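The values are calculated or read from the model by the stated rules, or taken from the named source; none is laboratory data. Just so it is clear, the structure is predicted and the values come from calculations on it, not from any experiment. Glycine gets a Cβ as well: all are built from the backbone with ideal geometry, and neighbour counts include every protein chain shown.
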Amino acid sequence: MIQDIAPHRFDLTYKRDKASGDDYALCMENNRTLLRKNAAGGWEIPRFSDFGKDGEDLADLAYYLFSIDGTGYYYVKMPGYPAPAGYEFCPTSVFRSVEPMYQAFAGITATQLHRWKESRRFCGRCGHETEDSLTERAVVCPACGQVEYPKISPAVIIAITDGDRMILTRYRPSPDHAYRGYALVAGFVEIGETFEDTVRREIMEEVGLRVRNIRYYKSQPWAFSDTEMVGFFAELDGDDTIRVQEDELSEANWFTRDEIPDETVMNSIGSEMKMVFKYGSVEKYYEAVEAKKRKEEQGV
Ligand SMILES: [Zn+2]
């Protein structure tokens, strides 16, 4: 999954050190990040030293985000800054193709912190301009003392199973749901709910079924939507007749293990859960992919 960057080490310990030339500069405006075209034609996150003399001015404006393998990643707010030659302000979707993958994870995570800081420029309680906390990753209001932490919205994602079958859904096309492949039932946790309550409510709302034996699987930070995805497996309890929530889903059906399409990219928890159900484990999925590849190479 996207956050699995080992052997690289992601370190969130908050620091207020000034950026040095080797640190990475995530210069952003309006959810776009200034990236540099590399020799291979792909995009990469620039270091402060890549900006020459300007790099020192940028470092003065930079806000520390996190480190990977000891190198800092800093946010620089860039209103109206013209992109230098060879650079471009890119949408977050570009990070999906940034290599190596830990840089993609760093960039996507930085965009979440950018959105948070942009949406907390003023205090929600008294309207005064906020300031960066001196002690933690937070903004504080100097007038009333309100503290605001990065926005993280918990959501559940559920593999609903019944023996050899699992439910896959498709979202109705909308700006909220760009993904057109098969998905699992998922939804945000609401106030007063346990994760298990959310699992039962979302399943009832989206496909009209009851479940039992709700088991936690794994979690995944999903910065694209400021979400923490919490994955569960749950078994059908009783009637298997699906009633689709039509304003959200275009379809929902039972698929046997053989009918579940193979994933090509395993960056999300939903993809992983589908393949874990189909093959028994992530390792067995990769073995099957390798075996298929060998067969194709020999066969043609
Ligand atoms: Zn305030």
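Tabulated data for the structure shown
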| quantity | calculated |
| --- | --- |
| Any hit, segment 220-239, residues being of a type in the set (Phe, Trp, Tyr), surrounded by fewer than 18 Cβ atoms within 10 Å (Cβ to Cβ) and either in a loop (DSSP other than H, G, I, E, B) or more than 20 Å from the chain's Cα centre (by Cα) (or both) | no |
| Which numbered condition Gly192 misses (of (1) assigned by TED's automatic domain parsing to the domain that holds Ser219; (2) surrounded by 12 or more Cβ atoms within 10 Å (Cβ to Cβ)) | (2) |
| Cross-chain or 6+ apart pairs with Cβ under 7 Å, segment 1-18 first and among the polar types (S, T, N, Q), then outside any loop (DSSP other than H, G, I, E, B) | Gln3/Phe105; Gln3/Gln220; Gln3/Pro221 |
| Selection status of Cys90, among the hydrophobic types (A, V, I, L, M, F, W, C) and outside the structural domain of Ala40 (by TED's automatic domain parsing) | no |
| Positions within segment 127-164 being in a loop (DSSP other than H, G, I, E, B) and within 11 Å of the ligand (Cβ to nearest atom), in sequence order | Gly127, His128, Thr130, Cys141, Pro142, Ala143, Cys144, Gly145, Gln146 |
| Qualifying position, being under 22 Å from Arg115 (Cα atoms), surrounded by fewer than 14 Cβ atoms within 10 Å (Cβ to Cβ) and among the hydrophobic types (A, V, I, L, M, F, W, C), among Leu35, Leu61, Leu12 | Leu12 |
| The one condition in (1) at pLDDT 95 or above; (2) away from the ligand (no atom under 16 Å from the Cβ) that Arg120 fails to fulfil | (2) |
| Glu193 vs. criteria within 25 Å of Asn31 (Cα to Cα) and among the acidic types (Asp, Glu) | no |
| Residue in segment 55-65 that is free of Cβ contacts under 8 Å to residues at least 40 places away in the same chain and among the hydroxyl-bearing types (Ser, Thr, Tyr) present | no |
| Counted residues, segment 69-88 - those being buried (at least 18 other Cβ atoms within 10 Å of the Cβ) and either hydrophobic (A, V, I, L, M, F, W, C) or modelled with pLDDT under 90 (or both) | 2 |
| Scan of segment 255-282 for residues that are surrounded by fewer than 17 Cβ atoms within 10 Å (Cβ to Cβ), modelled with pLDDT of 90 or more and either outside the structural domain of Ala234 (by TED's automatic domain parsing) or not in a helix (DSSP H, G or I) (or both), ordered by number | Thr256, Pro261, Asp262, Gly280, Ser281 |
| In segment 91-102, the residues that are surrounded by 20 or more Cβ atoms within 10 Å (Cβ to Cβ) and more than 19 Å from Glu228 (Cα to Cα) | Val98 |
| Extreme residue, surrounded by the fewest Cβ atoms within 10 Å (Cβ to Cβ), among residues of segment 138-156 that are hydrophobic (A, V, I, L, M, F, W, C) and within 19 Å of the chain's Cα centre (by Cα) | Ile152 |
| In segment 241-254, the residues that are in a loop (DSSP other than H, G, I, E, B) and either surrounded by 14 or more Cβ atoms within 10 Å (Cβ to Cβ) or not assigned by TED's automatic domain parsing to the domain that holds Glu193 (or both) | Ile242, Val244, Gln245, Glu248 |
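Rundown of residues vs (1) touching a residue at least 24 places away in the same chain (Cβ under 8 Å); (2) farther than 25 Å from Ile108 by Cα; (3) of a type in the set (Phe, Trp, Tyr), yes/no style:
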position	(1), (2), (3)
Thr130	no, no, no
Cys141	no, yes, no
Lys151	yes, no, no
Ala155	yes, no, no
Tyr171	yes, no, yes
Glu202	yes, yes, no
Arg212	yes, yes, no
Trp222	yes, no, yes
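Yes or no, residue by residue, for (1) in contact with a Leu (Cβ under 6 Å, 6 or more places away or on another chain); (2) surrounded by fewer than 16 Cβ atoms within 10 Å (Cβ to Cβ); (3) assigned by TED's automatic domain parsing to the domain that holds Asn31; (4) among the polar types (S, T, N, Q):
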residue: Gly107; (1), (2), (3), (4): no, no, yes, no
residue: Thr111; (1), (2), (3), (4): no, no, yes, yes
residue: Arg115; (1), (2), (3), (4): no, no, yes, no
residue: Glu136; (1), (2), (3), (4): no, yes, no, no
